[in-house]
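The values are calculated or read from the model by the stated rules, or taken from the named source; none is laboratory data. Computed from a predicted structure; not experimentally measured. Neighbour counts are summed over all protein chains in view; Cβ atoms, including those assigned to glycine, are modelled from backbone coordinates with ideal geometry.
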């Protein structure tokens, strides 16, 4: 039974590059350069906070490969980590009973 | 609607994370009591579903993008407390690994997408579905309605958190320190794309996926369990 759902998730992951077709950025999720272009300045808090956390795969991209391949790799790597994190968390809380 | 790093003041992030702490605690207790071992992989797959559906950016005519989030579907299938955990895990990995949503604003994003969305959507679904039979058109419509409203309430909450920043936090010269746009800009900017486009995507995905789950494995639905058991898990 779970196998069917796995198949659906794999198909979803394979189709994620469709999400790249949408151009632009979600409202409120601009980077510093976008804000500079829009406002003429970068709010200080955003400027200071922007670089303290360096995401390994920023914006679902992978260094050295194209946009689509990076997005696909991100979909699979991210899915695996989300699955493991959820299972691990559930195990931890089950043990703390 | 992932609030990036720096768009909310540290005090706002702290407050909203503080609001999430009892919710995460309660969700963990409810999951421990109510989810049997067979449903744990299902919950983790729900988290993966939420993670993946958020990668499908939908173009909005104003040049921005939006996406569905999957929280109401998980709430309907596994219960709203399970949805809190599943969506929170997806948001955490998005923030840590992909920089999608800030690490400091993780609590705020969880409040919007992992609590407000699944809970409001779930109770709207329950209300609209009434006692209609499992696979009925009315129940699927109720799921779609809950998904539509749940996503939009999450968008509204996000907009309010963005919009109060320039009212509360400005530099000495009056320039905003964090999100530069106030409520009058943030609320329509967040709600219009979700009311007109992303909400319908969320509604369609939720109804179709629920129909599939009901057909494939109706026993997985929490509602299929005896009522008494469901009570103890909430």
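Results for (1) under 19 Å from residue B:189 (Cβ atoms); (2) surrounded by 17 or more Cβ atoms within 10 Å (Cβ to Cβ), shown as yes or no for each residue.
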residue: A:25; (1), (2): yes, no
residue: A:30; (1), (2): yes, yes
residue: A:33; (1), (2): no, no
residue: A:47; (1), (2): no, no
residue: A:50; (1), (2): no, yes
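Taking region B:1-56 as the range and being closer than 30 Å to residue B:221 by Cβ and part of a loop (DSSP other than H, G, I, E, B) as the test, the residues that pass are B:1, B:2, B:35, B:36, B:54, B:55, B:56.
Let's see how each residue does on (1) within 15 Å of the chain's Cα centre (by Cα); (2) surrounded by fewer than 18 Cβ atoms within 10 Å (Cβ to Cβ):
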{"site": "B:165", "(1), (2)": "no, no"}
{"site": "B:203", "(1), (2)": "yes, no"}
{"site": "B:207", "(1), (2)": "no, no"}
{"site": "B:215", "(1), (2)": "no, yes"}
{"site": "B:222", "(1), (2)": "no, no"}
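Taken together, B:140, B:111 contain a single residue that is part of a helix (DSSP H, G or I), under 23 Å from residue B:39 (Cα atoms) and more than 14 Å from every other protein chain (Cβ to nearest Cβ), which is B:140.
Taken over region B:55-76, the criterion of being more than 7 Å from chain A (Cβ to nearest Cβ), touching a residue at least 40 places away in the same chain (Cβ under 8 Å) and surrounded by fewer than 24 Cβ atoms within 10 Å (Cβ to Cβ) is satisfied by B:60, B:62, B:67.
Among the residues of region A:62-72, none qualifies, meaning not one is surrounded by 18 or more Cβ atoms within 10 Å (Cβ to Cβ), facing chain B (nearest Cβ under 7 Å) and without any contact (Cβ under 8 Å) to a residue 24 or more places away in the chain.
Taking first residues from region B:13-37 that are under 16 Å from residue B:105 (Cβ atoms) and partners that are part of a loop (DSSP other than H, G, I, E, B), the Cβ contacts under 6 Å between residues at least 6 apart in sequence or on separate chains come to B:13/B:104; B:13/B:105. Screening residue B:135 on (1) in a loop (DSSP other than H, G, I, E, B); (2) surrounded by fewer than 16 Cβ atoms within 10 Å (Cβ to Cβ); (3) at pLDDT 95 or above shows it passes everything except condition (3). The set of residues from region B:6-41 being crowded, with 22+ Cβ neighbours inside 10 Å, facing chain A (nearest Cβ under 8 Å) and within 29 Å of residue B:99 (Cβ to Cβ) comprises B:6, B:7, B:31.
Looking across region B:28-41, just one residue is farther than 21 Å from residue B:213 by Cβ and under 18 Å from the mean Cα position of the chain (by Cα), and that is B:28.
Within region B:83-92, does at least one residue satisfy the condition of being within 10 Å of chain A (Cβ to nearest Cβ), in contact with a helix residue (DSSP H, G or I) (Cβ under 8 Å, 6 or more places away or on another chain) and surrounded by fewer than 24 Cβ atoms within 10 Å (Cβ to Cβ)? Yes, there is a match, as at least one residue in region B:83-92 is within 10 Å of chain A (Cβ to nearest Cβ), in contact with a helix residue (DSSP H, G or I) (Cβ under 8 Å, 6 or more places away or on another chain) and surrounded by fewer than 24 Cβ atoms within 10 Å (Cβ to Cβ). Looking at region A:1-11 only, could you name the residues that are in a helix (DSSP H, G or I) and free of Cβ contacts under 8 Å to residues at least 12 places away in the same chain? Once the filter is applied, which keeps residues that are in a helix (DSSP H, G or I) and free of Cβ contacts under 8 Å to residues at least 12 places away in the same chain, region A:1-11 yields A:2, A:3, A:4, A:5, A:6, A:7, A:8, A:10, A:11. Scanning region B:169-204 for residues that are assigned to a loop (DSSP other than H, G, I, E, B) and either in contact (Cβ under 8 Å) with a residue 40 or more places away in the chain or within 23 Å of residue B:144 (Cα to Cα) (or both) yields B:169, B:177, B:178, B:179.
The residue pairs whose first member lies in region A:19-41 and is more than 7 Å from chain B (Cβ to nearest Cβ) and without any contact (Cβ under 8 Å) to a residue 12 or more places away in the chain, whose second member is surrounded by fewer than 16 Cβ atoms within 10 Å (Cβ to Cβ) and in a helix (DSSP H, G or I), and whose beta carbons are closer than 9 Å, counting only pairs six or more residues apart or on different chains, are A:30/A:37; A:30/A:38; A:35/A:47. Has region A:78-87 got at least one residue that is at pLDDT 95 or above, in a helix (DSSP H, G or I), on the phi < 0 side of the Ramachandran plot and more than 7 Å from chain B (Cβ to nearest Cβ)? The answer is yes; a qualifying residue exists.
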